[in-house]
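The values are calculated or read from the model by the stated rules, or taken from the named source; none is laboratory data. Note that this is a predicted model, so its numbers are computed, not measured. As a convention, Cβ positions derive from the backbone with ideal geometry for all residues, glycine included, and neighbour counts pool all protein chains shown. Heavy atoms of the whole protein, side chains included, go into the accessibility calculation; ligands, DNA and RNA do not. Shrake-Rupley method; radii C 1.70, N 1.55, O 1.52, S 1.80 Å.
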Amino acid sequence: QVQLVESGGGLVQAGGSLRLSCSASISIFSITTMAWYRQAPDKQRELVAAITRGGSTNYADSVKGRFALSRDNDKNTLYLQMNSLQPEDTAVYYCKSTIWNRDYWGQGTQVTVSS
């Protein structure tokens with residue numbers, strides 16, 4: 001069992017920045033892939049960004065150039081730096097970890113961007 005705890009969400013004006021954190025209960029070296037998803041009201045959950053154990057990343061087209069992943073291996077934490085936020089980025093952001101084809105989700109953190 002893997003516990004994931006997200007933090008860092010909040011209310012920000014358009015053009016502002018936030019950094020989300022996802023702290024894992026195990027070493028992130030044990031995790032095949034870590035990712036951030038988001039779900040806006042009345043919309044399906046969508047992939048925002050992902051990173052493999054080896055460090056390969058991919059980003060949704062809508063966030064490329066604005067969002068960036070990083071991780072602190074000592075703290076078992078994945079970060080999502082979000083810059084130039086827009087109202088359409090408003091959503092609940094979830095952290096997901098995949099280990100041996102099993103997915104684990106955090107509880108989510110709300111990000112609200114005002115215009």
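Would you confirm whether or not the stretch 1-19 contains a residue that is open to solvent by less than 60 Å² (accessible area, probe 1.4 Å) and modelled with pLDDT under 95?
Yes: one or more hits.
I'd like the residue in the stretch 101-115 that is within 14 Å of the chain's Cα centre (by Cα) and under 18 Å from residue 26 (Cα atoms) and, out of all such residues, is surrounded by the most Cβ atoms within 10 Å (Cβ to Cβ). First the steps, then the outcome.
Just the residues of the stretch 101-115 that are within 14 Å of the chain's Cα centre (by Cα), to begin with: 104-111.
Adding the requirement that they be under 18 Å from residue 26 (Cα atoms) leaves 104-107.
Working: 104: 18, 105: 14, 106: 21, 107: 11.
Going through the qualifying residues, I end up with 106.
Limited to the stretch 58-100, what total is found for residues that are closer than 14 Å to residue 30 by Cα, out of contact with any helix residue (DSSP H, G or I) (no Cβ under 8 Å at 6 or more places or on another chain) and loosely packed, with under 14 Cβ neighbours inside 10 Å?
4
Scan the stretch 1-27 residue by residue and report those that are farther than 15 Å from residue 110 by Cβ and outside any loop (DSSP other than H, G, I, E, B).
Answer for the stretch 1-27, where residues must be farther than 15 Å from residue 110 by Cβ and outside any loop (DSSP other than H, G, I, E, B): 4, 13, 23, 24.
Give me the pairs: first residue in the stretch 4-22 and closer than 14 Å to residue 75 by Cα, second residue acidic (Asp, Glu), beta-carbon distance under 6 Å, and six or more apart or on different chains, which are they?
That search, which allows pairs on different chains as well, returns 22/6.
Filter the stretch 28-57 down to residues that are hydrophobic (A, V, I, L, M, F, W, C) and in a loop (DSSP other than H, G, I, E, B) and give me whichever is least open to solvent (accessible area, probe 1.4 Å).
In the first step, residues of the stretch 28-57 are kept if they are hydrophobic (A, V, I, L, M, F, W, C); the result is 28-29, 31, 34-36, 40, 47-51.
Checking the rest, the ones that are also in a loop (DSSP other than H, G, I, E, B) come to 31, 40.
On the way: 31: 2, 40: 24 Å².
Only one residue tops the list, namely 31.
Hey, can you tell me all the residues within the stretch 68-115 that are modelled with pLDDT of 95 or more, farther than 17 Å from residue 34 by Cα and among the hydroxyl-bearing types (Ser, Thr, Tyr)?
84, 90, 112, 114, listed by residue number.
Within the stretch 104-115, how many residues turn out to be in a strand (DSSP E or B) and in contact with a helix residue (DSSP H, G or I) (Cβ under 6 Å, 6 or more places away or on another chain)? Walk me through it before giving the result.
Start the filter on the stretch 104-115 by keeping residues that are in a strand (DSSP E or B), which leaves 104-105, 109-114.
Filter again for in contact with a helix residue (DSSP H, G or I) (Cβ under 6 Å, 6 or more places away or on another chain), leaving 113.
Summing the residues that are in a strand (DSSP E or B) and in contact with a helix residue (DSSP H, G or I) (Cβ under 6 Å, 6 or more places away or on another chain) in the stretch 104-115 gives 1.
Name the residues in the stretch 73-103 that are hydroxyl-bearing (Ser, Thr, Tyr) and in a strand (DSSP E or B), would you?
Listed by number, the residues that qualify are 77, 79, 93, 94, 97, 98.
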